[in-house]
Amino acid sequence: MSFLEQLQQLPSESLDHFFREGKEASYTAGSWLPGAAEGFAGIRLIQEGSVHVFASVDGETLPVSCYDSGEALGIRSFLRPENQPALRWQAAEDCVVYELNADETRHLLSNAPAAGPIREIFELSAHLRNLDILMAIHPLFQTLPEKARHKLFREANPIALTPGQMLIQKDQGNESLYFIYNGGVDIINDNQVVAHRSAGEIIGEVSTLGFAPTADVRSTGWTDVLAFDRQSILAACEGNQAFSAKLSSFGFGGF
């Protein structure tokens, strides 16, 4: 469900409140939408057209995705400005966006009673965008074209692990690849911790490639992972040789 579709499920007064604060702006294809460096730290709703999203990582600009009409831009940056990496937006075609600057966005989120439901949508959007970006800059998922990576992202299932909970058990097999986005896990063999994986890393490479798990995997605390089932991973490998090769390289010596 797009950001706009979520807004449209709110009571009419909340929707009216959202569209009372900002104004429309138009951008031509190829132009960069102003960001924090240009003095804009608010949010945008794409009304017509589409926008490329880029992340700046270690001085390199990497493509993250292309968002279409109905999607929002800048929410993660507004709510989580401390999160890396910095983002840039470029019009993929002539587009029209609805913009709220930083002051208008703060007013929107503080003006009761409409603020609460809108903030919930903002928080969910920021969370999903953060996962999207984390996947886009990971060496494995980075090898996928944008559309293939987004398809894989949409098919993933989030799993919340409690402290000490088993994610993979050596004697029970495993059918998923896991991307850790919060917390961490211990790799255990013969009752000994032999390795650790933390946020931004993957686990389950070996079993995703069709081999039995070589160790147990246990959460070290409150941990959140995205689970990609084996069939989704194999489908992503088809026609994406770079992804398949990178997955194999991760699987070599993995768990």
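The values are calculated or read from the model by the stated rules, or taken from the named source; none is laboratory data. Since this is a predicted model, take the numbers as computed values, not measurements. When we count neighbours, we look across all protein chains shown, and the Cβ atoms used for this are built from the backbone with ideal geometry, even at glycine.
A few remarks follow.
- If you go through region 170-193 and keep only what is farther than 23 Å from P139 by Cα and out of contact with any Lys or Arg (no Cβ under 9 Å at 6 or more places or on another chain), you end up with K170, D171, Q172, G173, D190, N191, Q192.
- R106 being part of a helix (DSSP H, G or I), free of Cβ contacts under 8 Å to residues at least 24 places away in the same chain, in the same structural domain as I133 (by TED's automatic domain parsing) and at negative phi: yes
- Which listed residue is of a type in the set (S, T, N, Q) and in a helix (DSSP H, G or I), from N130, N111: N130
- Residues that are among the polar types (S, T, N, Q) and modelled with pLDDT of 90 or more, drawn from region 98-120: N101, T105
- Among the residues of region 44-65, just one is over 12 Å from L87 (Cβ atoms), at pLDDT below 95 and in a strand (DSSP E or B), namely E60.
- Condition broken by G30, with the remaining ones in (1) touching a helix residue (DSSP H, G or I) at 6+ places or on another chain (Cβ under 9 Å); (2) at pLDDT 95 or above; (3) not in a strand (DSSP E or B) satisfied: (1)
- If you go through region 67-87 and keep only what is surrounded by 16 or more Cβ atoms within 10 Å (Cβ to Cβ), under 22 Å from A29 (Cβ atoms) and not hydroxyl-bearing (S, T, Y), you end up with G70, E71, A72, L73, G74, L87.
- Residues of region 21-46 that turn out to be closer than 22 Å to I118 by Cα and surrounded by fewer than 13 Cβ atoms within 10 Å (Cβ to Cβ), as a count: 2
- Restricting region 205-255 to residues that are farther than 25 Å from A148 by Cα and of a type in the set (A, V, I, L, M, F, W, C), the residue that is nearest to the chain's Cα centre (by Cα) is W222.
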